[in-house]
Each structure stands twice: as C-alpha cells, then as structure tokens.
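Participant: Got a structure for you, questions after.
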Amino acid sequence: MAERDPEPTYGSARSEGIDWNGLMALDSRTVPDFLTEESYTYRGSDPIPAERYTSEEFAKLERERMWPYVWQFVAREEDLPEPGDF
C-alpha cells in the first residue's frame, strides 16, 4: 500500500489514439470548462472491503443512486451490424 499521495502524471498519453480532450474538441457543441480541466484527488490506498462487491444493500443503493444517471458502454456499432444482433 502506498504510504503517501502518489504523484499524478498529467500530459502523458496512456494509450494510442485520440485522448479525451481531443475527442471533446471535435464535438459540435461547446464543452463546459470543468470537463477539460485536469483534477486529481487522492482517495487513499486502503483495501476496499469485500462487502462492497457482495452486499445486496450496497447494490440496491447503486441501482437507485448511480446507474440511472450514467451511460454504460456495451458494444461498438461495428459489433452489431444487423438489426436484432446482440
């Protein structure tokens, strides 16, 4: 476990291809400033309790408070070439 706040590495590409800011720059609409600003908050390095993944109560809270408000990537368009494909 880390004993201190790790140093963030801004500005270095982590993979090939377009990065998030480059993708937003191509959008036809103006992107809000807060989406293009770098930010980092150290949240510690303590282990996450297993109950986080096995608790029905925690899953219920996620279904109520998180999943209705996020997009979930499922597949790329080319993976579903015909109507009705799944």
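The values are calculated or read from the model by the stated rules, or taken from the named source; none is laboratory data. Since the model is a prediction, treat every value here as computed from it, not as a measurement. As a convention, Cβ positions derive from the backbone with ideal geometry for all residues, glycine included, and neighbour counts pool all protein chains shown. For accessibility, only protein heavy atoms count, side chains too; no ligands or nucleic acids. Shrake-Rupley method; radii C 1.70, N 1.55, O 1.52, S 1.80 Å.
Participant: Go through segment 56-86 and give me each residue that's of a type outside the set (A, V, I, L, M), part of a loop (DSSP other than H, G, I, E, B) and out of contact with any helix residue (DSSP H, G or I) (no Cβ under 9 Å at 6 or more places or on another chain).
Facilitator: If we filter segment 56-86 for residues that are of a type outside the set (A, V, I, L, M), which is where we start, we get 56-58, 60, 62-65, 67-69, 71-73, 76-79, 81-86.
With part of a loop (DSSP other than H, G, I, E, B) added as a condition, the list becomes 71-73, 76, 81-86.
Of everything in segment 56-86, those that are of a type outside the set (A, V, I, L, M), part of a loop (DSSP other than H, G, I, E, B) and out of contact with any helix residue (DSSP H, G or I) (no Cβ under 9 Å at 6 or more places or on another chain) turn out to be 71, 72, 73, 76, 81, 82, 83, 84, 86.
Quick grid of which residues meet (1) within 18 Å of the chain's Cα centre (by Cα); (2) open to solvent by 100 Å² or more (accessible area, probe 1.4 Å):
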residue: 19; (1), (2): yes, no
residue: 30; (1), (2): no, yes
residue: 35; (1), (2): yes, no
residue: 38; (1), (2): yes, yes
residue: 49; (1), (2): no, no
residue: 57; (1), (2): no, yes
residue: 60; (1), (2): no, yes
residue: 67; (1), (2): yes, yes
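Participant: Same structure again: Confirm whether residue 5 is more than 19 Å from the chain's Cα centre (by Cα), in a loop (DSSP other than H, G, I, E, B) and modelled with pLDDT of 90 or more. If you could, list the steps in order and put the result at the bottom.
Facilitator: Values: more than 19 Å from the chain's Cα centre (by Cα): yes; in a loop (DSSP other than H, G, I, E, B): yes; modelled with pLDDT of 90 or more: no.
No; evaluated as a whole, the condition is false for this residue.
Participant: Further, regarding this structure: How many residues are touching a helix residue (DSSP H, G or I) at 6+ places or on another chain (Cβ under 8 Å) and in a loop (DSSP other than H, G, I, E, B) if we restrict to segment 29-55? Even if it seems obvious, please write down each step before you answer.
Facilitator: The first filter runs over segment 29-55 and keeps only residues touching a helix residue (DSSP H, G or I) at 6+ places or on another chain (Cβ under 8 Å), leaving 31, 35-36, 51-52.
Remaining after also requiring in a loop (DSSP other than H, G, I, E, B): 31, 36.
Here the count works out to 2.
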